[in-house]
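Colleague: Can you read through this structure? Questions will come right after.
The values are calculated or read from the model by the stated rules, or taken from the named source; none is laboratory data. Computed from a predicted model, the values in this text were never measured in an experiment. In this analysis, Cβ positions are derived from the backbone assuming ideal geometry, glycine residues included, and neighbour counts consider all displayed protein chains. To get the accessible areas, we keep the full protein, side chains included, count just its heavy atoms, and leave off ligands, DNA and RNA. Shrake-Rupley method; radii C 1.70, N 1.55, O 1.52, S 1.80 Å.
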Amino acid sequence: MHTVHTIRELREAVTRARQNKKRIGFVPTMGNLHEGHLSLIDEARAQSDFVVSSIFVNPMQFGANEDLDAYPRTLAADQAGLASRGCDLLFAPNVGEVYPNGLEAETRVAVPKLGDKHCGASRSGHFEGVATVVTKLFNMVQPDLAVFGKKDYQQLAIIRKLVQDLCFPVAIIGIDTSRESSGLARSSRNGYLSESERHTAAELYQTLVQARKQLLAGKLLEEVRQTAISALESKGFQVDYFNIANRDSLEPATEKDQSLVLLVAAFLGSTRLIDNLEVDRQG
Ligand code: PAF
């Protein structure tokens with residue numbers, strides 16, 4: 001695997017691959033890669049001939065009080081992981097390469113409605129930062145397809161929408177959340193958890209599973225929501241939100257909706273964890 005740091009080198013390598021009639025698959029990341037990320041590389045490998053990944057801790061998607069500086073940077077281990085799964089090219093730009101004129105002067109991409117609820121309500125500007133950097137990365141790499149995890153369910157919905165609205169010729173592929181045997185969704189932020197917090201963190205998924213059971217048994221949405229919030233609080237989580245949404249619009253679900261998604265964000269100590277679970281109800 002080859003690592004490049006500039007847009008010029010990236011373009012040269014991708015142009016060569018394209019001249020050789022290769023289909024370009026892309027996996028954007030912020031690094032500190034775990035098995036969940038590497039399974040996205042596997043999918044890109046299966047669906048394309050030349051796999052590009054990027055590692056860029058995007059300052060635009062972090063709030064002033066968030067973990068930008070503390071975010072783990074593990075380039076050497078990430079390069080080894082990517083190479084072991086058959087990634088062809090790693091693009092690892094610095095901030096000046098992506099935002100040469102600073103963040104303030106940047107054109108921004110906003111996805112209203114989808115972007116202002118759930119995580120968007122508590123992380124102001126976060127999804128604008130994600131949508132902007134993904135737009136820039138798509139224009140830099142110009143992939144045929146891009147692979148994202150469903151762990152960031154709202155992010156995936158926003159990326160699908162911006163690709164449609166801005167007419168990007170990029171197929172978006174969503175991959176099921178990779179979980180530890182406890183059910184805990186794999187995340188770079190799990191590294192912030194103490195051993196006992198890590199044990200408790202698995203309850204986030206167990207609570208989603210319980211909530212899905214209750215919905216399938218016909219319990220009312222608001223009752224299920226309140227039960228889940230109380231369960232999480234009793235286990236020591238500070239709940240940011242636990243929402244039951246229509247899977248397509250991500251608007252609050254109604255009792256009539258059949259394709260639902262449960263979306264949760266909760267703090268354990270100072271670590272903010274998110275997870276989600278899809279639910280299909282019969283009419
Ligand atoms: O999911 C992530 O790691 C990031 O939000 C992404 C999509 C790489 C944009 O910075």
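Colleague: Using alpha carbons only, how many degrees (0 to 90, rounded to 10) separate the axis of helix 221-234 from the longest principal axis of the chain?
Modeller: Rounded to the nearest ten degrees, it is 80.
Colleague: Using a Debye calculation, one point per C-alpha and no hydration shell, please list log10 I(q)/I(0) for the chain at q = 0.07, 0.11, 0.13, 0.16 Å⁻¹ in order.
Modeller: -0.26, -0.66, -0.92, -1.34
Colleague: If one takes the longest principal axis of the Cα atoms in the chain, at what angle in degrees, from 0 to 90 and to the nearest 10, does the Cα axis of helix 195-216 lie?
Modeller: 70
Colleague: Nothing charged except the Cβ atoms of Lys and Arg (+1) and of Asp and Glu (-1): what's the magnitude of the dipole of region 10-155 about its Cα centre? Round to the nearest 20 debye.
Modeller: My answer is approximately 520 debye.
Colleague: Here's another thing I want to ask about it. Size of the dipole of the chain about the Cα centre, Lys and Arg at +1 and Asp and Glu at -1 on the beta carbon, nothing else charged, in debye to 20?
Modeller: The dipole of the chain has a size of about 620 debye.
Colleague: If one takes the longest principal axis of the Cα atoms in the chain, at what angle in degrees, from 0 to 90 and to the nearest 10, does the Cα axis of helix 35-47 lie?
Modeller: So the inclination is approximately 60 degrees.
Colleague: Another one. Among 207, 170, 196, pick out the residue whose Cα is farthest towards the positive end of the charge dipole of region 116-216, where Lys and Arg carry +1 and Asp and Glu carry -1 on C-beta, about the Cα centre.
Modeller: Working it through, the farthest residue towards the positive pole turns out to be 207.
Colleague: Additional query: Once Lys and Arg get +1 and Asp and Glu get -1 on their Cβ, which of 52, 155, 110 lies farthest toward the positive end of the dipole of the chain?
Modeller: Of the candidates, 52 comes out farthest on the positive side.
Colleague: Another one. Let me know the charge dipole size of region 188-256 about its Cα centre in debye, to the nearest 20, where only the beta-carbon of Lys, Arg (+1) and Asp, Glu (-1) is charged.
Modeller: Around 220 debye, computed over region 188-256.
Colleague: Taking only pairs that are 8 or more places apart or on different chains, how many Lys pairs in the chain have Cα atoms under 24 angstrom apart?
Modeller: 24
Colleague: Two decimals is fine: what is log10 I(q)/I(0) at q = 0.08, 0.21 Å⁻¹ for region 126-279, from a Debye sum with one equal scatterer on every Cα and no solvent?
Modeller: -0.26, -1.31
Colleague: Now for a separate question. Between residue 281 and residue 254, 0.36 nm times their residue separation minus their Cα-Cα distance comes to what?
Modeller: Contour length minus the Cα-Cα distance gives 8.5 nm.
Colleague: Taking the Cβ-Cβ separation of residue 164 and residue 18 as r and a Förster radius of 22 Å, what is the calculated FRET efficiency to the nearest 0.05?
Modeller: 0.40
Colleague: In addition: Using a Förster distance of 35 angstrom, determine the FRET efficiency expected from the C-beta separation of residue 199 and residue 68, and round it to 0.05.
Modeller: Computed FRET efficiency for residue 199 and residue 68 comes out at 0.80.
Colleague: Once you wrap a convex hull around the alpha carbon atoms of region 1-80, what is its projected area averaged over all directions, in nm²?
Modeller: 6.0
Colleague: Hey, rough spin-label estimate for residue 179 and residue 246, points 7 angstrom out along Cα→Cβ, what's it come to in nanometres?
Modeller: 2.7
Colleague: Probe of 1.4 angstrom, ligands and nucleic acids ignored: what's the accessible area per residue over region 122-275, in square angstrom?
Modeller: 44
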